[in-house]
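Below is one structure; the comments refer to it alone.
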Amino acid sequence: MTRLRAFGVGMIAGAVVTVALSPTARLLARVSAQEGPGRPVYKIVLENDRVRVRDVTFAPGVRDNGMHTHQYPHVGVILTKGTLVFTDPAGKVDSVPFEAGSVGFREANVTHMVSNPGPDPMRVIEVELK
């Protein structure tokens with residue numbers, strides 16, 4: 001069952017990344033990032049009883065609205081090269097450089113604040129596993 005679930009999540013993430021990499025999606029994300037002053041732009045691109053997939057754009061200099069907690073474990077697929085800075089509730093700061101195509105995983109109930117210190121927008125596809 002675990003392999004089947006992983007396969008399904010991989011299929012969904014692949015489909016979302018394919019759509020997200022289209023020229024129209026890139027243009028819309030750039031416009032959305034410019035319209036979202038000071039905050040990331042979150043767009044739910046798929047949601048059902050098993051997963052929620054969000055396309056998140058962090059404009060240059062953008063910072064979350066403070067700390068937030070992820071209810072679900074999630075896979076992040078980085079679409080654009082850049083750096084994100086993660087700050088935990090204790091004040092620990094972790095600056096992480098990413099290449100386009102990088103993939104990471106975080107468990108449920110992770111609390112942090114995220115910012116983009118770079119000169120370019122950062123886009124991430126988050127696949128949350130319910």
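Under 20 Å Cα to Cα from residue 130, which lysines show up? Leave out anything in the same chain fewer than 8 places away.
Once the sequence-local lysines are set aside, what remains near residue 130 is 43.
So what's the gap between the Cα centers of the range 43-85 and the range 107-130, to the nearest angstrom?
Here the two parts' Cα centres lie 4 Å apart.
Taking residue 92 as the anchor, which lysines have their alpha carbon closer than 24 Å to its alpha carbon, excluding any fewer than eight residues away along the same chain?
Cross-link targets: 81.
Which order do the peptides 69-78, 86-95, 114-123 come out in when sorted by mean C-beta neighbours inside 10 angstrom, highest first?
So the peptides 69-78, 86-95, 114-123, ranked by packing, come out 114-123, 69-78, 86-95.
Quick one: order 47, 128, 107 by neighbouring beta-carbon count within 10 Å, fewest to most.
Sorted ascending by nearby Cβ count, the order is 107, 47, 128.
Read-outs throughout are calculated quantities, based only on the coordinates presented, and are distinct from any laboratory measurement. Since we're looking at a predicted model, the values are computed, not measured. FYI the Cβ positions are ideal-geometry reconstructions off the backbone, even for glycines, and counts take in every protein chain you see.
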